[in-house]
Amino acid sequence: MLKNLIEKYKDLPDNLVQDIEKIVKEQKLSSEDIKKVFKKVMEEYEVSKIVPGEAIGVVTAESFGEPGTQMILRVFHFAGVAEMSLTLGLSRLIEIFDARKIPSTPKTEVYLKKKFSSDIKTIRKIAAMIKETSLNDVVREFSTNLTLFRVEIILDPVGMRDLNVTKKQVIDSLEREDFNVKETKDFIYVRHNDEDAKFVDLFRLKEKLKKVLIKGVKGITQVLPVKMGGEFIIMCAGSNLKDIAKIEGVDEKRIVTNNLFLIAETFGIEAARNMIIKESLDVIKNEGLNIDIRHIMFLADVMTSGGVIKGITRSGITSEKESVLARACFETPIKHLIKASVTGEVDNLNSVIENILLNQNVPVGTGLPDLVAKMVGEEEARMSKKRKEKKVKKGKKKK
Amino acid sequence: MADNGESNIQNHMLVPKHIKLSEEQAAIILKKYNVSKKQLPKIKQKDPALTGLDAVHGDIIEIIRNTPTVGKSSYYRVVV
């Protein structure tokens, strides 16, 4: 019975059907009543649908615009937990919707597998493995010895102890990068691989050595274990999904970053869409504002409809508009108009802005449908006869 | 990350289920929404979520999203 009805009303969204099923079970409704419930729900659902021709873009813009005025402007402050700065508020929202390639504060959230996420010691250990440590962090002094033509590195024992790095690790990682490393009692030195190297090359070598990765993941400058929703996660400043996911204990199914383009590159466009929604919802909730999620979902759909993330800018989705006048209305009008006139573009005046410019009927809402009548049979014959008579009359009058 | 990187991408919490539609299914969808393939939203052939589906240009991909407003819902993208 219930199954038949679900099949009959399969246009109903999943959530509603589930709710109805739940109520039916709880209230033990009779089959007559179930039918009534389905009918009523379907009616309500049809009524609450958006009407064809509704200007949803404008509604979305308004819904973002008003709360946007109340957002904090240009704040670069410490969010909740200490030691980690994050861009929030309007500037972050602009960043998302403009589809900036790299966020001003890249962040990666690393969740751990269940086995690892209870003990704070293992979490700290994993966090230390993620954090980027370059040679510069464990060295007291770099010096170039010009007589012996080599770079001498004096290691910093205190720094090494803090970061849990051994001398052997340093030498190993230098050798891995194909440097000509030798060890003495007090320091280690590096010779240039090329025999005919000049002095300049020696200095270049020194700069290169500073950036050598000793351990950790490239690009992660800060790590911070945080308790969130009953489990520990590691917040990382910087974004690098692939390398972090390789570390043991990291749950690669839940690792996320706020770098939308990196998400699109590693997990695909649908994941990027989900992240756009999640990130903008986070900002809005943080501010204590309330924008319906449907508006955000709509924006995310528009931004990802081309298979790549496109911002709401003149180089993004606006550049894809068919009409020249519509594009010119957004930004840099002269550029668009000149280009269109040089290439001989045609504007068919199909959309809204052009028609507002030209003071014409706008194809939105009640302006969208045209009246089309098709005459059949006798009616048709009568009408065409009338038309002919009219023409004849007009012709006579002219004479 | 385990050896097969492909399955991992599809298991990620941000990635919804992607299904390649057969010719007949695609025709039904196009008729239902009264659109041409050109009008559908796009997805790149190289998209990581499509690994293992061997989708080619012009295929229609059904994406089963889990949305907070309506529960499970289908979205369609054409491979470009």
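The values are calculated or read from the model by the stated rules, or taken from the named source; none is laboratory data. Values in this document were obtained by computation on a predicted structure and should not be read as measured data. Please note: Cβ atoms are built from the backbone with ideal geometry, for glycine as well, and neighbour counts cover all protein chains shown. What goes into the accessible areas is simple: the full protein's heavy atoms, side chains included, and nothing from ligands, DNA or RNA. Shrake-Rupley method; radii C 1.70, N 1.55, O 1.52, S 1.80 Å.
Amide H contacts under 5 Å for A:Gly268: B:Ala49, restricted to partners 5 or more places along the chain or on a different chain, H placed in the peptide plane at 1.01 Å from N. Could you tell me the total accessible area buried at the A-B interface, probe 1.4 Å, in square angstrom to the nearest hundred? It comes to approximately 2400 Å² buried between A and B.
For region A:331-390, the list of trypsin sites (Lys or Arg not before Pro) that fall in a loop by DSSP and count at most 15 other C-beta atoms within 10 angstrom reads A:Lys374. Highest mobility in the GNM of chain A, judged by mean-square fluctuation with C-alpha springs under 10 Å and restricted to A:Gly53, A:Gly344, A:Gly306, is found for A:Gly344. Near A:Ile220, the amide H atoms lying under 5 Å from its own belong to A:Glu132; only residues 5 or more places off or on other chains count, and H is placed 1.01 Å from N. Once the chain from A:Lys22 to A:Val51 is taken as fully extended at 0.36 nm per residue, the excess over their C-alpha distance is 7.5 nm.
For chain A, the longest principal axis of the Cα atoms and the long axis of helix A:377-398 meet at an angle of about 80 degrees. In the full protein context, region A:134-207 carries 66 Å² of accessible surface per residue, based on a 1.4 Å probe and ignoring ligands, DNA and RNA. Ordering A:Cys329, A:Cys236 by accessible surface, largest first, gives A:Cys329, A:Cys236; the 1.4 Å probe counts only protein heavy atoms, with every chain in place. Residue-normalised convex hull volume from the C-alpha trace of chain A: 292 Å³ per residue.
For chain A, what relative contact order do you get, as a whole percent, if you take Cα pairs closer than 8 Å and at least 6 residues apart? It rounds to 17 percent for chain A. For A:Tyr9, no residue 5 or more places off, or on another chain, has a built amide H under 5 Å of its own. Loop-located trypsin sites (Lys or Arg not before Pro) in region A:140-241 (DSSP state other than H, G, I, E, B) with a sparse environment of at most 15 neighbouring Cβ atoms within 10 Å: A:Lys185, A:Lys198, A:Lys211, A:Lys218. Measuring from a point 7 Å past the Cα of A:Asp11 along Cα-to-C-beta, which residues in region B:35-65 have an amide N at less than 17 Å? Within reach of a label on A:Asp11: B:35. Largest GNM mean-square fluctuation among A:Met160, A:Met235, A:Met383, using chain A with Cα springs under 10 Å: A:Met383. Spatially, region A:1-45 and region A:116-161 are offset by 64 Å when compared through their Cα centroids. Across region A:290-297, coupling constants 3J(HN,Hα) worked out from phi with the 6.51/-1.76/1.60 Karplus curve, θ = phi - 60°, read 9, 10, 4, 5, 4, 5, 5, 4 Hz, and Gly and Pro carry x. Site pair A:Lys210 and B:Glu24 shows an inter-label distance of 6.8 nm when each label is modelled 7 Å from Cα along Cα→Cβ. Across region B:5-79, the relative contact order, built from alpha-carbon pairs under 8 Å that are at least six residues apart, equals 36 percent.
Taking all Cα pairs closer than 8 Å and separated by 6 or more residues, the relative contact order of region A:210-285 comes to 18 percent. Which percent of the accessible heavy-atom area of chain A goes to carbon and sulfur, probe 1.4 angstrom? The value for chain A is 54 percent carbon and sulfur by accessible area. The Stokes-Einstein estimate for chain B, based on a Kirkwood radius over Cα pairs and taken at 20 °C with 1.002 mPa s viscosity, is a diffusion coefficient of 159 µm²/s. Helices in the protein assembly as shown, meaning DSSP H runs of at least 4 residues, each add -39500 (n - 2.57). Divided by all residues, the mean residue ellipticity at 222 nm is -13000 deg cm²/dmol.
Computed as a quarter of the hull surface, the mean projected area of the alpha carbon convex hull for region A:133-215 stands at 4.9 nm². Taking Cα atoms only, the orientation of helix A:14-27 departs from the longest principal axis of chain A by about 80 degrees. Taking all protein chains as they are arranged and a probe of 1.4 Å, the heavy atoms of A:Ser118 leave approximately 90 Å² accessible to solvent. Of the cross-linked pairs A:Lys246/A:Lys285; A:Lys125/B:Lys46; A:Lys25/B:Lys72, those separated by over 26 Å at the C-alpha level are A:Lys246/A:Lys285; A:Lys125/B:Lys46.
Modelled spin-label separation between B:Asn66 and A:Val302, with each label point placed 7 Å from Cα along the Cα-to-Cβ direction: 2.8 nm. Computed from backbone phi, the HN-Hα couplings of region A:112-123 come to 10, 5, 3, 4, 9, 8, 9, 8, 5, 5, 5, 5 Hz, rounded to whole numbers (Karplus: 6.51 cos²θ - 1.76 cosθ + 1.60, θ = phi - 60°; Gly and Pro given as x). Annotation for region A:149-225: GluC sites (Glu not before Pro) lying in DSSP loop with at most 15 further Cβ atoms inside 10 Å of their Cβ are A:Glu177, A:Glu195. Based on the alpha-carbon gyration tensor of region A:321-367, what equivalent-ellipsoid semi-axes (square roots of 5 times the eigenvalues) come out, in whole Å, largest first? Ellipsoid semi-axes (Å, largest first): 21, 11, 8. Projecting the Cα atoms of A:Leu202, A:Thr166, A:Val181 onto the charge dipole of region A:158-214 (Cβ charges, centred on the Cα centre) puts A:Thr166 farthest toward the positive pole. Using the average count of surrounding beta-carbon atoms within 10 Å as a protection proxy, the listed peptides A:272-283, B:36-47 rank, highest first, as A:272-283, B:36-47. Inter-label distance, A:Lys3 to A:Leu29: 2.0 nm, where each label sits 7 Å from its Cα along the C-beta direction. Given R0 = 60 Å, the distance between the Cβ atoms of A:Asp201 and A:Asn286 translates into a calculated FRET efficiency of 0.75.
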